[in-house]
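Here the structure comes first, spelled out in structure tokens, and everything after it is commentary.
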Amino acid sequence: MNILFRGGRVFTPGGVVAEAVLVRDGVIAAVGLERDLARLPHETVDLDGGLLTPGFIDAHMHPVQAGLERAKCDLSEVFGFDAYVAMIAAYAAKNPDKAWIDGGGWDMSAFPNGLPHRDQLDFLDRPAYLIQRDHHAAWVNGRALELAGITAATPDPPDGRIERDAGGAPTGVLHEGAMDLVGLLTPRPSAQDLLDALARAQEHLFSLGITGWQDAIVGSYAGSDDQLPTYVAAAGSGLLRARVVGALWWDRTRGLEQIPGLVERRAATEGLDRFRATSVKIMQDGITENFTAATLEPYCLCGGTGLSYVDPVELKRYVAELDRHGFQVHVHAIGERAVREALDGFEGTNPANRHHIAHLQIIEPSDVPRFAALGVTANLQPLWATHHAQMDELTLPFLGEPRASWQYPFADLIAHGARCCAGSDWPVSDADPLQGMHVAVNRTEPGGSVHAGYPTAQTPFLPGQRLDLATAMTAYTAGSAWINRSPAGIVEPGRPADLVVLDRDPFELPPGDLWMTRVRMTFVNGEPVHVQD
């Protein structure tokens, strides 16, 4: 069957230069002028003045976790203490038989000093475990602390912190590795629950034009469940239609002895058409807002330089051995010390393994050129590069200058020749790539965001680090396709017809209106997987 996409423009590696695409049997057959392609028999998809793009590929997200959270007490669509409590109370009333009230999505900036309190959840008749939006902390009530046996005498785990009051009593916030103290007590989802969560997530992602992704944690972490069997089952049954790479979780409490197990887990995905576990995820530090991001100099006002979860000397050994086994290494690095430790770890590795560092909130300027020099890809999460309450109230005051001006240096990375891909970290932030592109281009909050009304949300954040739209869109398509070794991500003959029809041409919009662009249709292998109602 032939399908002719016509009536608009097409985003190709050379820019927006074509006006029609012919698809034959799920593969792009030709790209060019409509008059040249319309001679063959075909069905027609009218772009109606919109733009045809490659399917978007998210280079760092957690869809199964997101699918689970969407079915629980989901606080991500509202903001503020009163809104959170109202939603939690309504969820509890609607689910009287649930043993736990669990879910998440709360924002630190909704609370004084970024910290909620157990007392605020003690109106519940059950234990509560609510994960922070960034998934680096959990808010629990007194009943949950009691069940976990957490008291003033409970020591902090090596990779986390129990928030305490002046007398040492736990306040109800568990940071990083301390989340497991309660998280592992919460009810575990069944195999079917996990498959249903993946199906929900995939449907949502198709509606946003996302046809592939890298799942950044396939393994057990902070109360999560191993999702490798879920992906293997979904790929084997045909449920999974997106093209997915899984990043196997590196257990930071272990060392090189875990590599044979990772090799076995990778082998379990060989031969699957839609899923491969060819990457390994190492979390090197935490986040700036709770002072666990690894920095070179102490945080202002509070001191401390954060956490390096993996000893830098050992990190280099681990990365070298993973590289030798042909794994791609995917590192979480927020603070400038963690970024430097990751880059040091990649020295001498094989660029053909396509290693990448995600998040990159702070990069010390001398480290920016090292990405291109080492062949390490910069994995960007553009939505975070704005003025919002968490940035202005919980980050900037504690970073100080010049460090605050080193944040999210997208333009500098491009100027120094770095290869870039892009993702959302969903459910940490909105999965919509078009909203991410809006921020990459404008460095302001998209309209409609829960943070759009913040006083400085429309003041560009470090505007010298803006990207042009073509560069941002390339990161979400060809850049992420390269990381995943995906055959898609580019509109050119011979590629799979993973395509997206936008309701307008964002290249013809004022930059401040980019966020209004929506997905009309999404295709995988030339078959529609989403059609806007």
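The values are calculated or read from the model by the stated rules, or taken from the named source; none is laboratory data. The structure displayed is predicted, hence computed values, not measured ones. As a convention, Cβ positions derive from the backbone with ideal geometry for all residues, glycine included, and neighbour counts pool all protein chains shown.
Okay, here's what the table says:
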| read-out | value |
| --- | --- |
| Filter result (surrounded by fewer than 20 Cβ atoms within 10 Å (Cβ to Cβ) and in contact (Cβ under 8 Å) with a residue 40 or more places away in the chain) within segment 204-222 | His204, Ser207 |
| Neighbours by Cβ (under 8 Å, 6+ apart or cross-chain): first from segment 17-30, outside the structural domain of Ala497 (by TED's automatic domain parsing) and within 12 Å of Thr53 (Cα to Cα); second surrounded by fewer than 22 Cβ atoms within 10 Å (Cβ to Cβ) and of a type outside the set (D, E, K, R) | none |
| Filtered residues of segment 354-364 (kept if crowded, with 21+ Cβ neighbours inside 10 Å and either in contact with a Gly (Cβ under 9 Å, 6 or more places away or on another chain) or of a type in the set (S, T, N, Q) (or both)) | His355, Ala358, Gln361, Ile362 |
| Filter result for Arg340 (in contact (Cβ under 8 Å) with a residue 24 or more places away in the chain, farther than 17 Å from Ile362 by Cβ, in the same structural domain as Trp406 (by TED's automatic domain parsing) and among the basic types (Lys, Arg)) | no |
| Single residue of Arg254, Arg265 found to be touching a strand residue (DSSP E or B) at 6+ places or on another chain (Cβ under 8 Å) and either basic (Lys, Arg) or without any contact (Cβ under 8 Å) to a residue 24 or more places away in the chain (or both) | Arg265 |
| Residue ID - nearest to the chain's Cα centre (by Cα), chosen from residues in segment 1-19 that are among the hydrophobic types (A, V, I, L, M, F, W, C) and modelled with pLDDT under 95 | Val16 |
| Any hit, segment 491-507, residues being farther than 25 Å from Gly32 by Cβ, under 24 Å from the mean Cα position of the chain (by Cα) and either not assigned by TED's automatic domain parsing to the domain that holds Val329 or not in a loop (DSSP other than H, G, I, E, B) (or both) | no |
| Options Thr295, Thr288: the member that is out of contact with any Phe, Trp or Tyr (no Cβ under 8 Å at 6 or more places or on another chain), polar (S, T, N, Q) and under 23 Å from Asp107 (Cα atoms) | Thr295 |
| Which listed residue, of Val27, Val78, is surrounded by 14 or more Cβ atoms within 10 Å (Cβ to Cβ), over 30 Å from Val450 (Cβ atoms) and out of contact with any His (no Cβ under 9 Å at 6 or more places or on another chain) | Val27 |
| For Leu205: the one exception among (1) touching a His at 6+ places or on another chain (Cβ under 6 Å); (2) under 30 Å from Arg485 (Cβ atoms) | (1) |
| Options Arg403, Arg443; residue that is on the phi > 0 side of the Ramachandran plot and among the basic types (Lys, Arg) | Arg443 |
| Residue list for segment 302-337, restricted to those being of a type in the set (Phe, Trp, Tyr) and under 21 Å from Ile363 (Cα atoms) | Tyr309 |
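Every residue, every condition in (1) assigned to a strand (DSSP E or B); (2) surrounded by fewer than 24 Cβ atoms within 10 Å (Cβ to Cβ), yes or no:
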position: Cys300; (1), (2): no, yes
position: Gly304; (1), (2): no, yes
position: Tyr318; (1), (2): no, yes
position: Asp323; (1), (2): no, yes
position: Gly326; (1), (2): no, yes
position: Ala352; (1), (2): no, yes
position: Ser366; (1), (2): no, yes
position: Asn379; (1), (2): yes, no
position: Leu383; (1), (2): no, no
